[in-house]
Amino acid sequence: MKTACVILAAGLGKRMNSAVPKVLHNVAGIPMIQSVVNTALRLRPDKVIVVAGQHIDLIRKSLAAKGVVFALQKEAKGTGHALLCARPALGNLKGLVVVMNGDTPLLDPDTIKRFINLHKKNKNDISVISFIAKNPGSYGRVVRDKSGKGLSIIEDKDADQVQKKIHEVNSGVYVINSDAMSILKDIRENSLKGEYYLTDIVALAYQKGLKTSAYCIGSEEEFMGVNTREELYKASYLMKKNIIDKWTGKGVNFLDAGSVFIHPDAHIGRGTTVYPNVYIEGHTEIGRDSTIYPNVRILNSRIGNKVTIKDSTVIEDSDIKDRASVGPFAHIRPGSEIGSEARIGNFVELKKAIVGSGTKASHLSYLGDTKIGRGANIGAGTITCNYDGKKKHVTIIEDGVFVGSDSQLVAPVRVGKGAYIGAGSTVTKDIPPGALAISRVEQRNILKWARRKSAVSSQKSEARKGKGKKKV
Ligand code: UD1
Ligand code: CA
């Protein structure tokens with residue numbers, strides 16, 4: 001039996017009051033449609049179809065490389081009509097059609113798997129997930145007749161006063177046997193909204209004698225639909241909390257979880273400690289027993305085991321190997337790699353810099369387009385002058401080099417293994433291995449200069465006083 005997932009994402013999202021399509025709004029750092037697609041992919045279906053409307057190109061771009069198929073719903077004529085628009089993309093698939101809304105980003109794939117199993121076990125034609133909402137608000141109410149068999153979903157706008165009080169509501173997640181899909185054609189336009197409601201299939205199926213069930217599984221939070229900015233914020237908060245809880249369960253130590261942001265795709269190893277106000281964004285992987293001190297932002301980077309990232313450091317698209325230490329106040333820009341046990345200290349900026357293991361750059365440096373070997377020492381204030389106004393050039397510093405403080409290396413330039421650079425040098429030529437390069441002006445001492453200076457200045461002040469007297 002084959003399975004296809006259809007995600008409805010062509011609504012206008014008017015309640016969001018935004019120029020951006022609703023399903024592209026971020027929840028905990030990723031567009032909600034991506035979260036729903038990720039859930040769908042976890043079910044390992046044969047096909048994922050996203051129904052999109054006038055913003056189809058933007059949605060397609062956001063889901064590039066996910067391997068999903070798109071169906072166009074030209075006009076937002078309701079959820080029932082949206083699913084109908086996916087039919088050509090389904091082709092002659094025989095099996096199950098799992099339908100989800102694109103605005104429910106907190107869905108748990110395990111709940112959906114459980115739901116699909118219930119559907120199969122009970123040999124249903126159509127099943128829907130319901131949940132108990134404290135405040136049913138705009139959700140469709142699940143109306144069961146007294147026998148418990150008759151089932152329908154009544155939208156909030158169409159519900160009478162008694163129905164409005166029902167707390168069991170529709171999640172928007174359905175499983176429909178492909179053979180029962182023809183029922184979509186029987187949905188009539190809703191007189192209040194002029195839309196074709198997918199929810200109507202439940203009552204239609206019951207009337208036609210098809211086996212239909214609503215399974216009240218999962219929590220209100222999991223099925224939360226995001227229609228307004230307020231709900232967007234709430235969903236972000238809940239997802240953030242779920243992520244923190246997950247990593248706490250896996251042995252990560254948070255000192256102030258409420259102030260920490262962790263991207264859904266990030267990974268953190270056991271025994272790592274995360275201080276307050278830390279942002280771990282994108283596809284970041286942090287190893288075991290590392291420490292991330294306050295106010296650190298790490299984006300799309302790999303941090304090894306037992307690494308220390310000190311306060312107020314920014315790391316982007318870079319690799320930090322085991323037992324290295326970075327910061328405080330360091331900026332590690334894209335394409336950098338910091339070797340094991342290397343130390344990058346305060347006010348050091350790296351850009352496309354490969355730093356060998358055990359190398360130290362402890363203070364106030366810019367190292368860009370640079371390859372530094374192992375065990376080198378980069379003195380305070382060292383600058384690689386990588387840019388000539390037109391092009392970027394590379395600086396190579398081989399193993400064991402000692403760069404004296406306040407040196408500039410004008411790229412392209414190579415410093416041979418074990419060479420020394422005297423402090424305050426401007427290096428413009430390659431340095432052979434083991435050599436000492438000094439380019440600063442030789443020091444000159446002018447003896448007794450201080451005494452002569454004070455004699456000259458006292459003469460001047462006497463002369464000024466003399467001039468003043470004459471005037472009186
Ligand atoms: C819908 C359900 C409601 C349920 C709730 C769960 C209907 C009629 N109502 O209400 O019973 O409790 O979800 O969250 O189905 N969409 C389209 N094309 C359209 C209209 C909508 O693709 O023409 C998409 C939207 O982009 C959205 C999803 O369908 O992702 C749901 O639409 P929305 O307008 O948010 O429905 P709700 O009012 O939340
Ligand atoms: Ca909704």
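Observations, loosely collected:
- The stretch 168-229 versus the stretch 380-459: alpha-carbon centroid distance in Å: 74 Å
- Model label points for ASP388 and THR273, set 7 angstrom from Cα along the Cα-to-Cβ axis, are 4.9 nm apart.
- Summary of packing: across the peptides 8-14, 44-50, 54-60, the per-residue average of other C-beta atoms within 10 Å ranks them, highest first, as 8-14, 44-50, 54-60.
- A protection proxy built from the mean count of other Cβ atoms within 10 Å ranks the segments 435-444, 209-218, most packed first, as 209-218, 435-444.
- Normalising the Debye intensity of the stretch 172-273 to I(0), with uniform scatterers on Cα atoms only, and taking log10 at q = 0.18, 0.19 Å⁻¹ returns -0.93, -0.99.
- Only DSSP H runs of four or more residues enter the estimate; each adds -39500 (n - 2.57), and after division by the residues of the chain the mean residue ellipticity at 222 nm equals -6500 deg cm²/dmol.
- Taking Lys and Arg as +1 and Asp and Glu as -1, the other residues whose beta-carbon sits under 14 Å from that of VAL162 total 0.
- The stretch 2-223: C-alpha gyration tensor shape, a/c 1.5 cut-off, then a/b vs b/c: rounded
- For the stretch 2-223, share of DSSP beta bridges that run antiparallel, in % to the nearest 5: 45 percent
- Dipole of the chain, positive direction: furthest Cα of GLY373, THR426, ASN300, with charges on the beta-carbon: THR426
- Beta bridges per DSSP with both ends in the chain, % antiparallel, nearest 5: 15 percent
- Charge context of ASP179, other residues only, Cβ under 10 angstrom, K/R +1, D/E -1: 0
- Cα-based Rg and Dmax for the chain, where Dmax is the largest Cα-Cα distance (Å): 33.2, 122
- DSSP bridge pairs, the stretch 105-225: antiparallel proportion in percent, nearest 5: 70 percent
- Global form of the stretch 105-151, assessed from the alpha-carbon gyration tensor, a/c cut-off 1.5: oblate
- Positive minus negative residues near LYS123 (Lys, Arg vs Asp, Glu; Cβ under 14 Å): +1
- Binned Cα-Cα distances of the stretch 236-437, short to long, each 10 Å bin given as a whole percent: 10, 37, 27, 16, 8, 2, 0
- Quotient of C-alpha Rg and 2.2 N^0.38 Å, computed over the stretch 245-365: 0.95
- Peptide packing: for 329-335, 384-390, 449-455, 374-380, the average count of neighbouring Cβ atoms within 10 Å per residue gives the ranking 374-380, 329-335, 384-390, 449-455, highest mean first.
We did not get these values from a lab; they are worked out from the coordinates using the rules stated. Keep in mind that this is a model prediction, so the values were computed, not measured. Counting neighbours? That spans all protein chains shown, and the Cβs are built from the backbone with ideal geometry, glycine included.
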